[in-house]
Amino acid sequence: MSGLRFGTAAKLYSDARGQALPAQLDLLNMWVPSLIIEELPSDGSTKTEAEYIDRVFRIRAVNYRGSFYAGPSRRVSQITGRLIGTANGNQEKERRTAFLIQKHLAEVLTTDFETTASLQENVLLHIEQLKEEERERFYGFILAYIEEQLEERERKQEYELLCEPFPMDREVFEGILYNAVYQLVKQTDQSVANSFLWLLLGGLLRNEAGRVLRMFDSSFVPIQRQTSENGTLRDRLMYLIEPECYESFYEGDDLDKRFPGIEWFCDRCGDHLNEQEGFTDEAPVWICRNCGYENRIDADVIFASREDYHNQIRPLGEDALQRAVSERKNRKR
């Protein structure tokens, strides 16, 4: 396997522990438990054929002595192979089924934030099982893997990328790698878990990971969601026509800040101000430590979406921000 795939990412952990990569069904259940594989009662046989259930977007399989078995089901093997990144045949039905599972998972992750939190906890538990030398190897493997993905992507022409069996949009690919590195360099168990989870989800969801990127920051804290980005088509169109009829709402937890959940970037060089030493949103201005530009830190320069920022239209404003934060506080009580 090559490229950003669920299987290649998961293998980093197995390699760090010196273990063989689990079988497909076990591997999916290991890192995204209960989201794809649903356990059937064991009948004492490993020949019971696994099946895909359309209504719930899950694969039902027998768990015998701690391992899942697909039995003779070629279809299930093709579906899981496409999800993990090992199947590249011409079975269009299985390819479409894998896409529907990806789409469903993205929907779950962007509507039920507890699911994402449980995935973080699951990955962290696995990382906490690593011995010290295994953790060092794991960290090095992730870093080398990211560098390998970057180099492979840079070598290929756009046409080659589009012709791959598992194509991935450049914007989604770059967002996954950026978030993975952003977390990895912090070198805590939780940040390494976050980094690894971005790679796993990127490889599993492929282009559907773009929805997750829009909903979470690099540590999987939910960020402000916008109707213009996440609503129905009618909502998105009406937002453009009558933006005053829509209110944004805040999903973050850093409610003690002056501007909770807001990421600040230099208007000249684009550097991430929140990460600069000493940064505080209590200051009226912040001089970028990268280029020296003086940036205003004010509600009037906060925009509801990236699109609005690039077009310099409809800044959020102090009143709208405070209403969103107040609503968030009320929901947390």
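The values are calculated or read from the model by the stated rules, or taken from the named source; none is laboratory data. It should be emphasised that the depicted structure is a prediction, and the values quoted were computed from it without experimental measurement. Positions of Cβ are backbone-derived with ideal geometry, glycine not excepted, and every protein chain shown enters the neighbour counts. We work out accessible area using only protein heavy atoms, side chains counted, and drop any ligands, DNA or RNA first. Shrake-Rupley method; radii C 1.70, N 1.55, O 1.52, S 1.80 Å.
Assorted remarks:
- Among Thr115, Gln102, Leu125 the positive-end extreme of the charge dipole of segment 69-126 (Cβ point charges): Gln102
- Förster radius 30 Å - calculated FRET efficiency between Arg170 and Gln190, Cβ distance, rounded to 0.05: 0.55
- Mean accessible surface per residue for segment 153-222, computed with a 1.4 Å probe while every protein chain stays in place, in Å²: 43 Å²
- Share of carbon and sulfur in the accessible area of segment 50-132 stands at 45%, probe radius 1.4 Å.
- Accessible area per residue for segment 1-103, computed on protein heavy atoms with a 1.4 Å probe, is 48 Å².
- The separation of segment 71-130 from segment 261-300, counted between C-alpha centres, amounts to 38 Å.
- Largest accessible area first, the listed residues Ser191, Ser118 line up as Ser118, Ser191 when surface is computed with a 1.4 Å probe on the assembled protein chains.
- Theoretical gain in end-to-end length, Gln157 to Tyr178 [0.36 nm per residue, Cα-Cα removed]: 5.5 nm
- Overall form of segment 60-188 per C-alpha gyration tensor (a/c, 1.5; a/b vs b/c): oblate
- Antiparallel bridge percentage (DSSP; both residues within segment 31-75; nearest 5): 60 percent
- For the pair Tyr64 and Ser42 in one chain, pulling the backbone fully straight at 0.36 nm per residue adds 7.3 nm over the alpha carbon distance.
- Segment 21-107 - charge dipole about Cα centre, Lys and Arg +1 at Cβ, Asp and Glu -1, debye rounded to 20: 220 debye
- Prolate/oblate/rounded call for segment 7-109, Cα gyration tensor, a/c under 1.5 rounded: rounded
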